[in-house]
Amino acid sequence: SAFWMATAIPRKGKPSAVVEIAQVSGARTDGFLQLAVTQEGALAAWTAKTDQGLAVQTARLLLQSSKE
């Protein structure tokens, strides 16, 4: 298996901690992780193999404000 992972890299300051978005099979059917930036963070979407076939999975990534 494999994992989709993410970190926020601001223009100034330090990158955020790395977080796990999802565990995936690591096969080609996982496709490519797609990200859409939002005011609060990002939306992630990828293809996942399920018992019913392939499906689009999504996750919402929220950024926390840093006072550093």
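The values are calculated or read from the model by the stated rules, or taken from the named source; none is laboratory data. Treat the numbers as computed from the prediction; the structure is a model and nothing was measured. Cβ placement follows ideal geometry from the backbone for every residue including glycine, while neighbour counts extend to all protein chains displayed. Accessible surface areas use protein heavy atoms only, side chains included; no ligands, DNA or RNA. Shrake-Rupley method; radii C 1.70, N 1.55, O 1.52, S 1.80 Å.
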Loop-located chymotrypsin sites (Phe, Trp or Tyr not before Pro) in the chain whose Cβ has at most 13 other Cβ within 10 Å (DSSP): PHE32
Accessible area expressed per residue, the range 13-68, with surrounding protein chains retained (probe 1.4 Å, Å²): 84 Å²
Loop-resident sites, the chain, for trypsin sites (Lys or Arg not before Pro), counting at most 14 other Cβ within 10 Å (DSSP): ARG11, LYS12, LYS67
Nearest-20 debye value, the chain charge dipole, Cβ charges on Lys, Arg, Asp, Glu: 280 debye
Dipole of the chain, positive direction: furthest Cα of LEU62, LEU33, SER16, with charges on the beta-carbon: SER16
Whole-Hz couplings from phi, Karplus 6.51/-1.76/1.60, listed for the range 12-21; x for Gly and Pro: 10, x, 9, x, 6, 5, 7, 10, 7, 8
Reciprocal of mean inverse Cα separation for the chain (Kirkwood radius, Å): 13.3 Å
Net +/- balance of residues flanking ALA22 in space, Cβ distance below 15 Å, scoring K and R +1, D and E -1: 0
Accessible surface of the chain, 1.4 Å probe, proportion on carbon and sulfur as whole %: 53 percent
